[in-house]
Amino acid sequence: MSLQETFSPRNADPRLSGIIKLAILAVGGQGGGVLTGWIEDVARSQGYAAQATSVAGVSQRTGATVYYVEMAPQKPGEPVPVFSLMPAPGDVDIMITAEMMEAGRAIIRGFVTPDRTTLITSTHRALAVSEKMVPGDGIASSDEVMAAAEIAARRVIAADFDALAIWNGSVISASLFGALAGAQILPFPREAFEAAIRAGGKGTEASLKAFAAAFDVATNPAPVAAPVAKAKPEPKVQGPARLMAEWDRLAARVAALPAPVAELALPGLRKVVEFQDLRYGAEYLDRLAGVLARDDAAQGWTLSREAAKYIANAMAYDDIIRVADLKTRARRFDRIRSEMRVKEANVLQLTEFFHPRAQEIVGMFPARLGARLESDPKWMARLTRWVDKGRRLRTDSLPAFLTLHILGGMKGWRRRTLRHAQEQAHLARWLETALAEVPRNYALAVELIRCRRLIKGYSDTHARGHSKFDRVLAATTRIASRDDAAGWCRRLREAALQDEEGKALDGAIRTIESFA
């Protein structure tokens, strides 16, 4: 947590002795309404007239709610000032944003100006839907927003107020309120702010702790380190002696690998063993050994290091069994309870949404039977009519939980399924395609290994990624003899990650076709 600028009363804006205009940008769950109420209460308790309005956004993470407060001194008997209902660009004294990108939106909308606005913002990120939709890394740059804020605002107070609130057992509205008080912009004493919190009567103790911590951050000129949670110890593998002995043999094989490869091979081994069993872990190391045997030590084992990561991801694919297993694990329920702050007296109702396609159902069949059904359009159409429907399962109820728990326990059946046979065949083709390029173009072989990043997820997401992967490899194969083939493979992969529809990839492939 870092404080970009702290406030000294000597820097106060004299115009704030009249009507003070304060805006807040927050989304659902960030307590914007509570924060607005506190600000109104503290103003009125100090003899100010105050008015608050709000305009809701479209929905959570696609549109923030704008809360707006105007206040002015009012002596007894004087008429109530006429206040505006909404902020106007260039006419906001204090801008509070509950997340970094909200600060960027406030700047774009003209609510933050260098001649008058103090910007108080949390530096944490709550990713927008538009950022999550990008198949690759669609996260917007917080550094760019901060650089713009330093130019656009008169003063900037920025810290991870969300982490500060969580650390003190509260929510971000309390820490932002503390930052507002600590900035000493409003002509009210700290005690008045704290009294407004106490008057609320709910979660008072935790809110006051978060308030005090943020107040100190806003008044302390030295950078304040964010509370750092203790690192979780590396999980220990436990089980019967026979299984432990087998695990130790596999771990010894990893330890014998070159250090750059072993660094990723151990978590890869853990992933595939958790996905299936120890025998599957041995198969993972066998595949990795095949890559290592054709790798070049002079290249720093780059190929094998990348393979250690992406082979594990390919072997631990998302099928119905894995999805059901993950959704019924005790630690998942514990995590949800922790994040939602569910107390013992509360009842948690958890609804899972499933939309299996006919392909997922057939993929659970024995390999030969499944292959025959999948090649029969009539059977696939019939299955689609039967199963291609959205389903909501309440996993806090016994029937739904048992259904998923039984499915998640079918690991022993997985090796016999059509889906497993397809994944293994695709994995073998991918590795052979990449390894064939090692003698001719080492860099291209590495890029082909990295293309596995395109395949992830479940159901439609997996199908789209699979299609893009196949198209990238097919286009790369056409230009594999070119000296710049590795660069083009990388460009194709990056284009495939730009949008869900694959429009950028279509353009890149057309470029290749023009000179291939």
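For the pair residue 206 and residue 56, a Förster radius of 25 Å applied to the C-beta separation gives a FRET efficiency near 0.40, rounded to the nearest 0.05. Hey, what angle do you get for helix 377-387 against the long axis of the chain, alpha-carbon based, 0 to 90 degrees rounded to 10? Once rounded, the angle reads 40 degrees. Using the rule -39500 (n - 2.57) for each DSSP H run of four or more residues, divided by the residues of the chain, the 222 nm mean residue ellipticity is -16500 deg cm²/dmol. Residue by residue, the range 167-176 carries 3J(HN,Hα) couplings of 4, 9, x, 10, 10, 5, 4, 5, 6, 5 Hz when phi is fed to the Karplus relation 6.51 cos²θ - 1.76 cosθ + 1.60 (θ = phi - 60°); x denotes Gly or Pro. At what distance in angstrom do the alpha carbon centres of the range 264-294 and the range 442-477 lie from each other? Cα centroid to Cα centroid, the span is 20 Å. Across the range 265-276, computed HN-Hα scalar couplings (Karplus, 6.51 cos²θ - 1.76 cosθ + 1.60, θ = phi - 60°) run 5, 5, x, x, 5, 4, 5, 6, 5, 5, 5, 10 Hz from first to last residue, x flagging Gly and Pro. Amide H contacts for residue 157 (H built 1.01 Å from N in the peptide plane; partners 5 or more residues away or on another chain; cut-off under 5 Å): 119, 120, 121.
Which peptide among 337-345, 450-458 comes first, and what is the full order, when sorted by highest mean count of other Cβ atoms within 10 Å? Please list the in-between numbers first.
Details: 337-345: 9.7, 450-458: 19.6.
Peptide ranking by packing, descending: 450-458, 337-345.
Taking a sphere under 11 Å around the Cβ of residue 459 and counting the other residues whose Cβ falls inside, with K and R at +1 and D and E at -1, yields a net charge of -3. Each residue, residue 394 and residue 144, gets one label point 7 Å from its Cα in the Cβ direction; the gap between the two is 4.5 nm.
In the range 321-462, taking the dipole from charged Cβ atoms about the Cα centre, the farthest positive-side position among 399, 435, 445 is held by 399. The HN-Hα couplings worked out from phi for the range 392-406 by the Karplus form 6.51 cos²θ - 1.76 cosθ + 1.60 (θ = phi - 60°) are 10, 10, 8, 6, 7, 9, 5, x, 5, 5, 5, 4, 6, 5, 5 Hz, whole numbers, x standing for Gly and Pro.
When +1 charges are put on Lys and Arg Cβ atoms and -1 charges on Asp and Glu Cβ atoms, the dipole computed for the chain relative to its Cα centre reaches about 1920 debye.
Each listed q (0.11 Å⁻¹) maps to a log10 I(q)/I(0) for the range 9-219, found by the Debye formula over equal Cα scatterers with no solvent: -0.48. When each of the peptides 400-413, 101-114, 185-198 is scored by the mean number of other C-beta atoms lying within 10 Å of its residues, the order from highest to lowest reads 101-114, 185-198, 400-413.
Measuring between their Cα centroids, the range 180-219 and the range 410-428 lie 58 Å from each other. In the chain, a dipole from Cβ-located charges (positive for Lys and Arg, negative for Asp and Glu) runs towards its positive end, and of 30, 497, 481 it is 481 whose Cα lies farthest in that direction. The long axis of helix 204-219 is offset from the longest Cα principal axis of the chain by roughly 80 degrees.
In terms of packing, defined here as the mean over residues of other Cβ atoms within 10 angstrom, the peptides 432-438, 374-380 line up highest first as 432-438, 374-380.
Relative intensity of the chain on a log10 scale, I(q)/I(0) at q = 0.12 Å⁻¹, equals -1.17, per a Debye sum over C-alpha point scatterers of equal strength in the absence of solvent.
Every number here is computed from the coordinates shown, using simple stated rules; none is lab data. Bear in mind that the values here come from a model prediction, so they are computed numbers and not experimental data. Heads up, the Cβs are rebuilt from the backbone with ideal geometry, glycines too, and the neighbour counts pull from every protein chain shown.
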